[in-house]
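A.B. asks: Okay, handing you the structure first.
The values are calculated or read from the model by the stated rules, or taken from the named source; none is laboratory data. Owing to the predicted nature of the structure, the values given are computational and were not obtained by experimental measurement. As a convention, Cβ positions derive from the backbone with ideal geometry for all residues, glycine included, and neighbour counts pool all protein chains shown. Heads up: the accessible areas ignore ligands, DNA and RNA and are worked out on the full protein's heavy atoms, side chains in. Shrake-Rupley method; radii C 1.70, N 1.55, O 1.52, S 1.80 Å.
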Amino acid sequence: MQPVKILEHFPNLPLSKHKGKDLLRIDEFNGEELMELLHLAAHIKQLQKLGQPFQPLQGKTLGMIFDKASTRTRVSFEVGMYQLGGMGMFLSGKELQLGRGEPISDTAKVLSRYVDAIMIRTFSHSYVEELAEHASIPIINGLTDLYHPCQALADMLTIWEHKGKLKGIKLAYVGDGNNVANSLVLAAVLLGMDVRVATPVGYEMDAAIVQKATEYAKQSGGNMTVTYDPAEAVAGADAVYTDVWTSMGFEAENEVRLKAFANYQVNEQLVAQADPSYLFLHCLPAHRGEEVTAGVIDGARSFIFDQAENRLHAQKAILAALV
């Protein structure tokens, strides 16, 4: 793979255009703006690989509120802030006064006096919207039950790196129509990709988000297809993506979901219908033997660890642009 030569082609990347903006949903940025963030992420990644420091956030602090367990989100944001010259401060939702009933509006106003931005990983998306409404600093959605925008930007960076383009790329998503799917699809259609989503009956993506994605696809020259047939979604795909069948917060439904998703496993037979040079992607953690076989996720066409690494670079771009 040839490196993305961002240093040559984009020497004056924007660091102030989006300053002070929130990132609650990936479609708060249009396709052109997403490409700017991707160029910035690739630029930052190149600098790190070359051993060249890039520290625009010296003296800045990111408050990181966690109501959900995390590996990639916590480590990538904390390390990312350190590499950018600032620091990340872990704040457990249970240990804050929020856990004792303090209004989110008060917490937002207080933290706005202490830190330069807040990243929050929680359950309800409306909770994050309320935080953003009352904060005077950028709010970054590290995950809610409805959206996962930081993951989507890392996914786009991974596909772009390995395919050399995004527009026209055929992306298949097979599995639960969850928060990861919502953000992935919105990012992909904004960037002109051909998206096919296959879910079981009863586990479809949010209808309003599908409608929005369809409209974006028309504007970008992309395409949006929903189906109940995994083979239809994967046929000729350049990238095949899946996620766990039971997300955090839905553990009580696990047995029911295992039965509902039984025919939606990404296995060797299914990916044989994709383009031979397809990328397998998964946001992790993964359950081998459930949503994906070990042969696929640990195989030669799996790029899950490039994808996980790109959480760091994509989020550093987000932080540098917003903070």
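A.B. asks: Could you rank His18, His287 by how accessible they are, 1.4 Å probe, largest area first? Don't jump to the answer; show the numbers that get you there.
C.D. replies: Values: His18 15, His287 80 Å².
The residues order as His287, His18, largest area first.
A.B. asks: To the nearest 10 Å², what's Glu78's accessible area with a 1.4 Å probe?
C.D. replies: 70 Å²
A.B. asks: Can you give me the relative contact order of the stretch 149-308 as a percent, contacts being Cα pairs under 8 Å and 6 or more apart?
C.D. replies: Here the relative contact order equals 24 percent.
A.B. asks: Follow-up question, since we're still on this one. What net charge do the residues around Gly222 carry, taking every other residue with its C-beta under 9 Å from that of Gly222, with Lys and Arg at +1 and Asp and Glu at -1?
C.D. replies: +1
A.B. asks: I've got another one for you. Tell me, what % of the accessible area of the chain is carbon and sulfur with a 1.4 angstrom probe?
C.D. replies: Within the chain, the accessible surface is 51 percent carbon and sulfur.
A.B. asks: Sticking with this one: Leaving ligands and nucleic acids out of the surface, order Glu232, Glu28, Glu291 by accessible area at 1.4 Å, largest first.
C.D. replies: Glu232, Glu28, Glu291
A.B. asks: About the Cα centre, and with charges only on the beta carbon of Lys, Arg (+1) and Asp, Glu (-1), how big is the dipole of the stretch 149-308? Nearest 20 debye, please.
C.D. replies: Its charge dipole is roughly 480 debye.
A.B. asks: Now, a different point. The stretch 122-189: which trypsin sites (Lys or Arg not before Pro) are DSSP loop and have at most 15 other beta-carbon atoms within 10 angstrom?
C.D. replies: Qualifying residues, ordered by number: Lys165, Lys167.
A.B. asks: Relative contact order of the chain: what whole-number percent is it, with Cα pairs under 8 angstrom and at least 6 residues apart?
C.D. replies: Relative contact order here is 21 percent.
A.B. asks: If you don't mind, another one. Pairs of Cα atoms under 8 Å, at least six residues apart: use those to get the relative contact order of the stretch 108-193, whole percent.
C.D. replies: RCO, the stretch 108-193: 26 percent.
A.B. asks: Given a 1.4 angstrom probe, what's the average accessible area per residue across the chain, in square angstrom?
C.D. replies: Ligands and nucleic acids excluded, the figure is 42 Å² per residue.
A.B. asks: Separate question: Can you list the chymotrypsin sites (Phe, Trp or Tyr not before Pro) in the stretch 65-154 that are in a DSSP coil and have 16 or fewer other beta carbons within 10 angstrom?
C.D. replies: Phe123
A.B. asks: May I pose another question? Multiply the residue gap between Asn267 and Tyr82 by 0.36 nm, knock off their C-alpha separation, and tell me the result in nm, one decimal place.
C.D. replies: Working: separation 185, 0.36 × 185 = 66.60 nm, distance 3.89 nm.
Residue separation times 0.36 nm, minus the Cα-Cα distance, leaves 62.7 nm.
A.B. asks: Kindly give Rg over Rh for the chain, based on alpha-carbon atoms, with the Kirkwood expression for the hydrodynamic radius.
C.D. replies: Reported Rg/Rh (Cα atoms, Kirkwood Rh): 0.96.
A.B. asks: Continuing with the same structure: For helix 179-190, report the angle its Cα long axis makes with the longest principal axis of the Cα atoms of the chain; keep it between 0 and 90° and round to the nearest 10°.
C.D. replies: Tilt relative to the chain: about 90 degrees.
A.B. asks: Have a look at Leu47, Leu146, Leu34 and tell me which one the Gaussian network model of the chain (Cα, springs below 10 Å) gives the largest fluctuation.
C.D. replies: Among Leu47, Leu146, Leu34, the largest GNM mean-square fluctuation belongs to Leu47.
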